[in-house]
Structures are given as C-alpha cells and as structure tokens.
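What follows is a short report on a single structure.
The values are calculated or read from the model by the stated rules, or taken from the named source; none is laboratory data. Because the structure is a prediction, the values reported are computed rather than measured. So basically every Cβ, Gly included, is an ideal-geometry build from the backbone, and we count neighbours across all protein chains shown. For accessibility, only protein heavy atoms count, side chains too; no ligands or nucleic acids. Shrake-Rupley method; radii C 1.70, N 1.55, O 1.52, S 1.80 Å.
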Amino acid sequence: MKLSVKVVARAARDRIAGWLGDSLKIAVRAPAERGQANLAVVEILRATLGVEAHLVEGVRSSHKIFEVPVLTAHQVRERAAQAMRPVTRR
C-alpha cells in the first residue's frame, strides 16, 4: 500500500503525532538536512509497522509517499494507533 506521511523535522522528540486527513504525521528530532529526517522516518515506520517502508516520493519535501509492502491500510492505521497510545507506568 502507499502511505502518505507529513514529516515535522527538528521536533522535541521522535513520535507518531497522529493523522492529518489521510496522511500520517511523524515528528522527528533529526534536521531536514542530508536525508537525516528521511532516515529517522524510515526507522520510526519500521519500528511502528514491523515492516520495511520504502520512500517513493518526496525526498526533499515534508510531504512524502512510502510504499509499505504486505500491510493493508487498516493494519497501518491499527499499528499507528497503538504507537500513539500513552505508556502507563505502575
């Protein structure tokens, strides 16, 4: 499936920030220089989705398109929702 992503570089922390319409908003601490933010987003997607995501459009833009093999749109939304849940401490 193709996944639309809105990237916010130089954020306070790396995180899945939520959905902006059909785009997944991802904040990364890395700057948008020399591909650093792109690499950070790839790592967040790998950790969140459990599969490798490949950047196919938007190398130099904050709006990007990733190819996510194997998963359906529903699975991507479920896994992103799990990543957005706050961690509870006991």
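Could you say whether any residue in the range 58-69 is closer than 23 Å to P86 by Cα, under 13 Å from the mean Cα position of the chain (by Cα) and of a type in the set (F, W, Y)?
no
Residue-level check: of (1) out of contact with any strand residue (DSSP E or B) (no Cβ under 8 Å at 6 or more places or on another chain); (2) buried (at least 17 other Cβ atoms within 10 Å of the Cβ); (3) more than 17 Å from V68 (Cα to Cα), G35 misses just (2).
Among the residues of the range 38-55, which ones are in contact with a helix residue (DSSP H, G or I) (Cβ under 9 Å, 6 or more places away or on another chain) and either open to solvent by 20 Å² or more (accessible area, probe 1.4 Å) or more than 20 Å from P86 (Cα to Cα) (or both)?
Going through the range 38-55, the residues in contact with a helix residue (DSSP H, G or I) (Cβ under 9 Å, 6 or more places away or on another chain) turn out to be 44, 47-55.
I44, A47, T48, G50, V51, E52, A53, H54, L55 - these are the residues of the range 38-55 that are in contact with a helix residue (DSSP H, G or I) (Cβ under 9 Å, 6 or more places away or on another chain) and either open to solvent by 20 Å² or more (accessible area, probe 1.4 Å) or more than 20 Å from P86 (Cα to Cα) (or both).
In summary, strands (runs of 3 or more DSSP E) completely within the range 18-78 and bearing 1 or more residues that are touching a residue at least 40 places away in the same chain (Cβ under 8 Å) and aromatic (F, W, Y) occur at 63-67. Of the residues making up the range 66-80, those that are touching a Leu at 6+ places or on another chain (Cβ under 7 Å) and either at pLDDT below 95 or open to solvent by less than 60 Å² (accessible area, probe 1.4 Å) (or both) are F66, V68, L71, V76, A80.
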